[in-house]
Amino acid sequence: MIDSPLTGKTAFLLGPLPVDQAVVTTWGIMAVLGLGSFLLTRRLSLTPGKVQSVLELIVGTIDAQITSTIPGEPARFRPLIGMLAIYILTANWSSLIPGVEPPTARLETDAALALIVFVATIGYGLRAQGLGGYLASFAKPTWVMIPLNLVEQVTRSFSLMVRLFGNVMSGVFVIGIVLSLAGLLVPIPLMALDLLTGAVQAYIFAILALVFIASAVEGEGGAKE
């Protein structure tokens, strides 16, 4: 259970620099995902086995979500959207490991993820429309909307951060409280619910990121949630 959603725990000191526990957990998740990706994909073949079939199903599902939002070749968006979905899902489910606090229960982690989406949205918009076309999209449907569209560009990324942080952090608090009051076995149903919530939040974050990118690519001047 975490003491405060705004106060991190120092894992160790790197010289004078304190390294937060959430950062260490993130490094661990990155290492596991990176090593797992290498081991699972080093022997791909034209005749897929069980593991490769599962991997192809995952990639196909991600591609289907992308093409349903942005028509065309999904490969250009797959690395970002796939990374967001898989990382957030793994981070959310890391709470099942005893003594591990999910990085997504920390505000700074969610802020970093939202910042990635914010920068990626601008980058994809500039690549698709050019500087002039992208800036002109903020004047749609009329130039009066420029301030609102600019504000929306920031606030929708902020909403991504708050949504993910609130849902994951609240789940950690509830399970921690019930565990401290009721013992080991009683919180199991809540932990199962937390698994579902973690998967849903990963899906929602990735889909909203995709919608924001789609609006920038298509020049709508801002996505609506």
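Table for the structure above
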| item | result |
| --- | --- |
| Those residues of region 46-67 which are among the β-branched types (Val, Ile, Thr) and either on the phi > 0 side of the Ramachandran plot or not in a helix (DSSP H, G or I) (or both), in sequence order | Thr47 |
| Check on Asp110, under 15 Å from Ala214 (Cβ atoms) and among the charged types (D, E, K, R) | no |
| Filter pass, Met145 being modelled with pLDDT under 85, part of a helix (DSSP H, G or I) and of a type in the set (A, V, I, L, M) | yes |
| Residue satisfying all of: in region 67-107; of a type in the set (Gly, Ala, Ser) and touching a Phe, Trp or Tyr at 6+ places or on another chain (Cβ under 9 Å); modelled with the lowest pLDDT among these | Ala105 |
| Check on Gly34, exposed (fewer than 14 other Cβ atoms within 10 Å of the Cβ) and assigned to a helix (DSSP H, G or I) | yes |
| All positions within region 129-154 that are loosely packed, with under 14 Cβ neighbours inside 10 Å and within 25 Å of Ala112 (Cβ to Cβ) | Leu150, Val151, Val154 |
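The values are calculated or read from the model by the stated rules, or taken from the named source; none is laboratory data. Note that the structure is predicted; figures quoted are calculated from it, not measured. All Cβ positions, even for glycine, are placed from backbone atoms using ideal geometry, and neighbour counts span all protein chains on display.
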